[in-house]
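Asks: Below you will find the structure I want to go over with you.
Just so it is clear, none of the values below were taken in a lab; they were calculated from the coordinates. Note that the coordinates shown come from a computational prediction; the quantities given were computed from them, not determined experimentally. Counting neighbours? That spans all protein chains shown, and the Cβs are built from the backbone with ideal geometry, glycine included.
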Amino acid sequence: MIRRLLIRIASLATLIAGAVALFIFSHVSLRAATDPWTPSQTVQPADLMKELGDSKTAPTVVFIGFGRLFNAGHIPGAQNRGMAGSEAGLQELKTWAASLPRSTKLVIYCGCCPMDRCPNVRPAFTALHDLGFTKLRVLLLPTDFAMDWAGKGYPYDRGQ
């Protein structure tokens with residue numbers, strides 16, 4: 001009797017674990033399918049650091065997140081262009097970008113939270129892409145700026 005109960009509990013636990021794994025896998029696949037950028041429109045932190053070391057070819061780095069986070073720490077030389085997840089912030093970004101040549105090398109990032117839940121990076125990318133920027137990329141910070149940039153020893157500045 002107890003053995004039969006243990007077998008049922010183990011079977012139920014296996015089914016639950018499988019369902020959770022299936023949900024997580026399908027969620028990750030769905031999230032990746034909804035990103036407005038392609039893999040070639042992304043850049044890893046180490047690669048961006050190399051690019052920033054060459055002043056002739058360095059991209060313009062644009063922070064599109066919460067001002068408080070920018071002040072706490074941001075990539076050296078990054079420009080704070082507003083929180084792209086809000087209508088006002090998105091308009092600020094578009095106004096700033098309107099006068100730039102469409103061939104300007106841009107790298108956008110936020111780093112406020114896990115990238116798959118970031119309220120800023122997708123609207124910013126879409127807006128800039130729709131404006132016709134041809135050298136637009138997203139900095140991949142899967143967890144957040146603190147862990148994926150500062151925590152890996154890359155330099156950062158504080159304040160404005």
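Asks: Taking R0 as 22 Å, what FRET efficiency do you get between T38 and A88 from their Cβ-Cβ distance, rounded to the nearest 0.05?
Replies: Values: r = 29 Å, r/R0 = 1.31.
Calculated transfer efficiency: 0.15.
Asks: Skipping prolines and chain starts, which residues have an amide H placed within reach, meaning under 5 Å, of the one on N80, given they are 5 or more residues away or on another chain?
Replies: Those qualifying (amide H under 5 Å, at least 5 residues apart or on another chain) are F63.
Asks: Given points 7 Å out from each Cα along the Cα-Cβ axis, report the A72 to A146 separation in nanometres with one decimal.
Replies: Each label point is offset 7 Å from its Cα along the Cβ direction, giving 0.5 nm.
Asks: Taking the number of other C-beta atoms within 10 Å as the exposure measure, put I64, I2, I108 in order starting with the fewest. The partial results should precede the final answer.
Replies: On the way: I64 31, I2 6, I108 27.
By the 10 Å Cβ count, ascending: I2, I108, I64.
Asks: Next question. Only sites in a loop by DSSP and with at most 10 other Cβ atoms within 10 Å count here; which trypsin sites (Lys or Arg not before Pro) in region 37-136 make the cut? If you can, show how the numbers build up before the last one.
Replies: Values: sites: K50, K56, R68, R81, K94, R102, K105, R117, K135; in loops: K56, R81, R102.
Answer by residue number: K56.
Asks: Here's another thing I want to ask about it. What is the dipole size for region 25-160, taken about its Cα centre, with +1 at each Lys and Arg Cβ and -1 at each Asp and Glu Cβ, in debye to the nearest 20? Numbers along the way, then the final one.
Replies: Values: 14 positive and 11 negative charges, 33 e Å.
Magnitude of the dipole: close to 160 debye.
Asks: Another question, if that's okay. Remind me, relative contact order of region 85-157 in percent, using alpha carbon pairs under 8 angstrom and six or more residues apart? Could the numbers behind the result be given before it?
Replies: Numbers: 87 pairs, mean separation 26.0, N = 73.
Relative contact order here is 36 percent.
Asks: Next question, about the same structure. Which order results if C113, C118 are arranged by neighbouring Cβ count within 10 Å, fewest first?
Replies: On the way: C113 17, C118 22.
Going from sparsest to densest Cβ surroundings: C113, C118.
Asks: Sticking with this structure for a sec: Give the long-range amide H neighbours of G73: residues separated by 5 or more places, or on another chain, with amide H under 5 Å away, using H modelled in the peptide plane at 1.01 Å from N.
Replies: G159
Asks: Ok, one more. Report, in listed order, any pair from K105/K152; K56/K152; K56/K135; K50/K94 with a Cα-Cα distance greater than 22 Å.
Replies: Values: K105/K152 24 Å; K56/K152 25 Å; K56/K135 15 Å; K50/K94 28 Å.
Distance filter (> 22 Å) returns K105/K152; K56/K152; K50/K94.
Asks: What ranking do L128, L140 get, fewest neighbouring Cβ atoms within 10 angstrom at the top? Present the calculation step by step, with values, prior to reporting the outcome.
Replies: Working: L128 24, L140 17.
Final ranking by Cβ density, sparse to dense: L140, L128.
Asks: What is region 36-152 by shape, rounded, prolate or oblate, if you read a ≥ b ≥ c off the alpha carbon gyration tensor as root eigenvalues and call it rounded for a/c under 1.5, prolate for a/b larger than b/c, and oblate otherwise?
Replies: Working: a/c = 1.41, a/b = 1.08, b/c = 1.30.
In terms of gyration-tensor shape, rounded.
Asks: According to the square roots a ≥ b ≥ c of the eigenvalues of the Cα gyration tensor, what is the shape class of region 36-103, taking rounded for a/c under 1.5, prolate for a/b larger than b/c otherwise, and oblate for the remainder? Walk me through the numbers on the way to the answer.
Replies: Numbers: a/c = 1.62, a/b = 1.33, b/c = 1.22.
Cα axes put region 36-103 in the prolate bin.
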